[in-house]
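Presented below is the structure to which this report refers.
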Amino acid sequence: KILIAFPVVRDELANPTTAAPLGLLCMALDKSFAGDFGLFGEAITFLSSAAQTVVAIWFIYISVVFETLPEPSWFPNTTGIGIAAVKMFLYWTMGGYILSGVSLVAFFMFYFVALYRLHTNKKISAIVCWLQLSGPAVVLYALSIFGQPGSDVEEMSVSNPKNKEQYFQVHRTYFMPLIHLLFVFCMISMASALYCLKTRWASIQSKEFSPAHVGFCAPLASHTNAILSYRSNLNKYSLSPPTTLFKSFLYQYWCLSLICGTVLSVILTFKFLKNLPSWCQIYEVEDELSPLPDDENILTRLLQEGETAPDEMNQHYVSAAVLQANETGGLVRVLRDGEMSFVRSRRMPSMGFDLPMNTTELMSERDRLLQHMSYAADPSRDRGGIASFNDGAIQQALRASLRTKLNFISFDASTW
């Protein structure tokens, strides 16, 4: 897509909702090429790790522009650097340590806010909620590189019985407590993810299968991998026998996670490949409600004027970033008059990890957002029912916020 339709990639990078899955692509490249294919695999690993670091910086920047608060869709682009850390460790020890540290810092910065918001904002989709599994899981897996020698010299030093005892003692004192803590967070995330899935099950059942549904696969795989990593470190550094009740439970839980994750991945991958041809065919039809130009799109006008609806810890409306992605649609490359050209379409199968809204949902959620912005500016005034297609109401919403700032993002990539 970068080679044949780069404007589409740039358009996706302009919104944190559509930019969220990019981290998963980098993680997949790291897993596929690291340790194999000789110099080519090493080059791909370094390029992918560098790309994910750049994407993480950019993602945090546009999230600040949109004034969004952390949620699990942030994890692939932030804590997901932990996968790059493990693979980088194969070629450059210090690089692996640095990326692992970045992943750990990102986890403590974003995880707790994201976990809290999942249970106070019912508008966050079930798929995004499920992504919380990857937060502590990837970090735990990344920290596993600290549980092994970082060089041949260190490995030879550990072969000395005296040095070996000191090495193990240091890891039991400083390394294992952090690993235990991350394991606890992994289990908390699993319980939270199952609860969020239960409370949002009716909503996700009402939607057609889309590429976003495949987002259920990677978090569970990361969780399973983290349990295996934790179990390996526990068996290595723990003084308790392997037949203890907790270690037996850990093995059984890992097996259950592995089986469930494998079955889920096979089913969703099959459905994904089955539907892929239809998703790649974008037809322009007369009954499609085409996205409006930037100067007529309400949320785009708000953002370009420097007006935003910041996310809150407790909120009853859909994030402005999600609404803006649904309002403007996606940029697609189609054949028109014998030439390939870029057009916008709302007939997108997914918006990042979020399922696309229909027209009724979009109008309803957009009105709710505008009402919130208008009320936040002056709660003493009765706004009544703001209609998003009433230009007077739009201007009122534009005047609602008292803060302005520069916004360097263009939302019409077809003109770039």
Which numbered condition ALA114 fails, given (1) of a type in the set (A, V, I, L, M, F, W, C); (2) farther than 20 Å from CYS129 by Cα; (3) open to solvent by less than 30 Å² (accessible area, probe 1.4 Å): (2)
Considering residues of segment 53-67 that are of a type in the set (A, V, I, L, M, F, W, C) and surrounded by fewer than 17 Cβ atoms within 10 Å (Cβ to Cβ) only, the residue nearest to ILE83 (Cα to Cα): VAL54
Can you go through SER203, SER151, SER157, SER192 and tell me which one is at pLDDT 90 or above and either of a type in the set (S, T, N, Q) or at positive phi (or both)? SER192
With respect to ALA50, is the statement that it is under 22 Å from PHE146 (Cα atoms) and buried (at least 24 other Cβ atoms within 10 Å of the Cβ) true? no
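When you go through SER248, SER238 one by one, which is the residue that is of a type outside the set (Lys, Arg), more than 22 Å from MET27 (Cβ to Cβ) and modelled with pLDDT under 90?
Details: SER248 fails: modelled with pLDDT under 90.
Of the residues listed, the single one that is of a type outside the set (Lys, Arg), more than 22 Å from MET27 (Cβ to Cβ) and modelled with pLDDT under 90 is SER238.
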Taking the options GLY95, GLY80, name whichever one is open to solvent by less than 10 Å² (accessible area, probe 1.4 Å) and closer than 17 Å to GLY215 by Cα. GLY80
Selection over segment 174-219 where residues are touching a Leu at 6+ places or on another chain (Cβ under 9 Å), of a type outside the set (D, E, K, R) and not in a helix (DSSP H, G or I) yields a count of 2
Residue by residue through segment 147-178, note down the ones that are open to solvent by 80 Å² or more (accessible area, probe 1.4 Å) and of a type in the set (A, V, I, L, M, F, W, C). VAL153, MET156
If a residue counts only when it is of a type in the set (Val, Ile, Thr), which helices (runs of 4 or more DSSP H) contained entirely in segment 1-67 have at least 3 such residues? 38-66
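Inside segment 220-240, can you point out the residues that are open to solvent by 40 Å² or more (accessible area, probe 1.4 Å) and not in a helix (DSSP H, G or I)?
The initial filter retains those residues of segment 220-240 that are open to solvent by 40 Å² or more (accessible area, probe 1.4 Å), namely 221, 225, 228, 231-232, 235-236, 239-240.
Of everything in segment 220-240, those that are open to solvent by 40 Å² or more (accessible area, probe 1.4 Å) and not in a helix (DSSP H, G or I) turn out to be LEU239, SER240.
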CYS196 vs. criteria of a type outside the set (A, V, I, L, M) and in contact (Cβ under 8 Å) with a residue 60 or more places away in the chain: yes
If you check THR79 against the conditions, is it β-branched (Val, Ile, Thr), under 19 Å from ILE127 (Cβ atoms) and either outside any helix (DSSP H, G or I) or touching a residue at least 40 places away in the same chain (Cβ under 8 Å) (or both)? yes
Listed by first then second residue, the pairs whose first member lies in segment 157-180 and is closer than 16 Å to SER229 by Cα, whose partner is of a type in the set (Phe, Trp, Tyr), with beta carbons under 7 Å and at least 6 positions apart or on separate chains, are HIS171/TYR237; ARG172/TYR237; PHE175/PHE146; MET176/TYR237; ILE179/TYR230
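How many residues are part of a helix (DSSP H, G or I) and farther than 17 Å from ILE179 by Cα if we restrict to segment 110-155? Don't jump to the end; show me each part of the working.
Step one: of segment 110-155, the residues part of a helix (DSSP H, G or I) are 110-118, 126-147, 152-155.
Remaining after also requiring farther than 17 Å from ILE179 by Cα: 110, 112-118, 126-132, 152-155.
So the answer is 19.
Of all residues in segment 23-46, which are closer than 24 Å to SER73 by Cβ and open to solvent by 40 Å² or more (accessible area, probe 1.4 Å)? Steps first, please.
Keep residues of segment 23-46 that are closer than 24 Å to SER73 by Cβ, which gives 23-32.
Matches in segment 23-46: LEU24, LEU25, ALA28, LEU29, LYS31, SER32.
The values are calculated or read from the model by the stated rules, or taken from the named source; none is laboratory data. The shown structure was predicted, so the numbers you read here are calculated from the model rather than taken from an experiment. A quick note on method: Cβ atoms are made from the backbone with ideal geometry, for glycine too, and the neighbour counts reach across all protein chains shown. The accessibility values were calculated without ligands, DNA or RNA, using every heavy atom of the protein model including side chains. Shrake-Rupley method; radii C 1.70, N 1.55, O 1.52, S 1.80 Å.
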